[in-house]
């Protein structure tokens with residue numbers, strides 16, 4: 001008597017299929033596009049961080065110029081007519097504007113103590129000093145960290161405020177523009193501070 005072999009599991013006619021090489025390649029391309037996009041976003045975030053630091057410095061430089069103008073008016077060291085653009089040195093009896101027109105380098109205040117006037121160049125370039133590793137100002141670089149401000153310029157534009165087509169003799173428009181470039185973008189950026197100043201203290 002012939003013995004019959006028993007089948008332990010049923011045989012299926014279906015064939016098993018996995019991922020084809022084309023599908024694997026396509027998924028790798030999609031993943032690479034996503035990773036490259038993520039790297040690009042990280043680069044933009046780093047550039048924005050650098051730009052925000054430069055913006056903070058520009059804001060500080062613009063406020064410094066405005067405070068200098070307001071202090072000169074409050075202490076009556078200059079006449080109201082001198083709060084204008086021109087090239088008149090303080091203390092010479094000249095009554096035209098004392099503030100230089102156009103973009104100027106960031107120099108410290110000269111003998112007159114007012115930012116943006118003709119004697120600033122003699123004082124030299126202004127240096128931004130930050131506390132060093134200890135977090136305390138030492139007064140010298142090093143150990144403090146000092147930054148050159150050569151990539152910044154400051155423009156102070158002062159004009160009489162116009163009301164109904166007529167200039168107001170008691171009110172001036174002050175626009176301070178600080179222009180700078182960032183190492184990453186190499187494109188000039190502007191920080192603009194605009195305000196009005198009255199001759200009345």
- Task: Report whether or not residue 195 is assigned to a strand (DSSP E or B), at pLDDT 90 or above and farther than 18 Å from residue 67 by Cβ.
- Result: no
- Message: Tell me the residue from 169, 132, 113 that is over 22 Å from residue 200 (Cα atoms) and at pLDDT below 85, please.
- Response: 132
- Query: In the list 145, 150, 181, which residue meets the criterion of being in contact (Cβ under 8 Å) with a residue 40 or more places away in the chain and under 20 Å from the mean Cα position of the chain (by Cα)?
  - Reply: 150
- Query: What strands (runs of 3 or more DSSP E), lying completely within the range 98-178, carry at least 2 residues that are closer than 15 Å to residue 64 by Cβ?
  - Reply: 103-105, 127-130, 152-163
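Results for (1) within 31 Å of the chain's Cα centre (by Cα); (2) modelled with pLDDT of 80 or more; (3) more than 25 Å from residue 178 (Cα to Cα); (4) not in a helix (DSSP H, G or I), shown as yes or no for each residue.
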| position | (1), (2), (3), (4) |
| --- | --- |
| 16 | no, no, yes, yes |
| 23 | no, no, yes, no |
| 30 | no, yes, yes, no |
| 46 | yes, no, no, no |
| 50 | yes, no, no, no |
| 66 | yes, yes, no, no |
| 72 | yes, yes, no, no |
- Item | Residue check for residue 165: surrounded by fewer than 16 Cβ atoms within 10 Å (Cβ to Cβ) and over 19 Å from residue 88 (Cβ atoms) | yes
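The values are calculated or read from the model by the stated rules, or taken from the named source; none is laboratory data. Here the structure is a predicted model, which means the values were calculated and not measured. All Cβ positions, even for glycine, are placed from backbone atoms using ideal geometry, and neighbour counts span all protein chains on display.
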